[in-house]
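These notes concern the structure reproduced below.
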Amino acid sequence: MPETIETTSTGLTRRRALKVAAWSVPALTVALAAPASSASESIDLMLAPSAGGSVGTTNPEGTRQWQLTAGSGWEAYSEVAEVPAGTVLTVSSDIRILPNPVVTLMPQDEVLTATSTSTTGNMQTSTYTLPAIPPGGYLEGVPFTVTFDDVDPLPWAEDLGPFTVSIAAPAGVNDPDTGNNLISSEVVYSDIP
C-alpha cells in the first residue's frame, strides 16, 4: 500500500520525494520521478566482460556448425562515481541454448532475484536491480556472473538469437554515454569443410 506523504512548512523537496519513491510502489515512483529536462545526477555507467567462454554444436549431417562466444563474468562500473543503487541490469538470451539466467554478485556470492522476466518466442529477457557499487575502473568494483541451466545436447537451429547484457541508470540519474552499456554476442554459423 502506498505511503501517505505529508509536507511541513519547508515543503517536500525533490530529493526527499525521490527517496520516498524508491521505497514505494512503482506507480508512486513514476508520479514523483523528476522530469527528464530537470537537473539530475550525471554518471557514466559502463559494462565490461571479465570472463567468458563459448558453446556450439554441429548439424545432424555434420556439414554446418554454430558457435556462441560470450561473457560469463561482467562488471558494471563507473570510473569516477559510485554506481547507484537501482541500476537496472538486463539479460536476454535464446532459451534453447541459454535458459534461466542466474546473476550472482561476486565475491559475496549473492544471487539476485529477477524483478521481471518475459519470453517472446525463443528469447527470454530478465531484469535485475543492482545494489550500489563503489567507484573504480575495470575489475575494481563488484563484478557479477551470469550463468544458465545446462542444455545437453545443444540443439541445432538456424535461427538462434543473441546473448545480450545491458545496464541502465536508475530514475534521477543521467548517463551521458549509453554506448558503453550493452554487450551483445551473436551466434556465428559456418560450413564444415
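Derivation of every value follows stated rules applied to the coordinates shown; laboratory data play no part. Not measured: the values here are computed from a predicted model. Cβ: placed from backbone, ideal geometry, glycine included. Neighbour counts: every protein chain shown.
How would you order 84-96, 171-183 from highest to lowest mean count of nearby Cβ atoms within 10 Å? Mind dumping the intermediate values first?
On the way: 84-96: 19.2, 171-183: 14.5.
Those peptides, ordered most packed to least, come out 84-96, 171-183.
Would you mind checking which residues have amide H under 5 Å from Leu45's amide H? H placed 1.01 Å from N; only 5 or more apart, or other chain.
Here the answer is Asp177, since their amide H atoms fall under 5 Å of that of Leu45.
I need Glu158, Glu110 ordered by Cβ neighbour count within 10 Å, fewest first. Present the calculation step by step, with values, prior to reporting the outcome.
Numbers: Glu158 9, Glu110 12.
With the sparsest Cβ surroundings first, the list reads Glu158, Glu110.
Please report, in whole Å, how far the alpha carbons of the stretch 41-191 spread along each principal axis, starting with the longest.
55, 28, 26
Extension gain Asp149-Asp177, at 0.36 nm per residue separation less the Cα-Cα distance, in nm? All intermediate terms of the calculation are to be shown ahead of the outcome.
Numbers: separation 28, 0.36 × 28 = 10.08 nm, distance 3.31 nm.
Once the chain is fully extended between Asp149 and Asp177, it gains 6.8 nm.
Hey, what do the phi angles of the stretch 44-53 turn into as Karplus ³J(HN,Hα) couplings, whole Hz, using 6.51/-1.76/1.60 and θ = phi - 60°, x for Gly and Pro?
Going residue by residue, I get 7, 7, 9, 10, 9, x, 10, 7, x, x Hz, with x marking Gly and Pro.
Any chance you could list P(r) for the stretch 35-92, counting all Cα-Cα pairs in 5 angstrom bins from zero, rounded to whole %?
The distribution over the stretch 35-92 is 4, 12, 16, 15, 13, 10, 8, 7, 5, 5, 3, 1, 0, given as percents.
Which net charge results for the neighbourhood of Ile43, defined as the other residues with beta-carbon distances under 9 angstrom from its beta-carbon, given Lys and Arg at +1 and Asp and Glu at -1?
Values: positive: none; negative: Glu41, Asp44, Glu82, Asp175.
With Lys, Arg at +1 and Asp, Glu at -1, the neighbours total -4.
Could you run the Karplus curve 6.51 cos²θ - 1.76 cosθ + 1.60 with θ = phi - 60° over the stretch 62-70 and give me ³J(HN,Hα) per residue in whole Hz, x for Gly and Pro?
Ordered by residue, 3J(HN,Hα) equals x, 9, 9, 9, 10, 8, 10, 9, 8 Hz.
May I ask you to evaluate 6.51 cos²θ - 1.76 cosθ + 1.60, the Karplus curve with θ = phi - 60°, for each residue of the stretch 147-157 and list the ³J(HN,Hα) values in order in whole Hz, giving x for glycine and proline?
10, 9, 5, 6, 10, 9, x, 5, x, 9, 7
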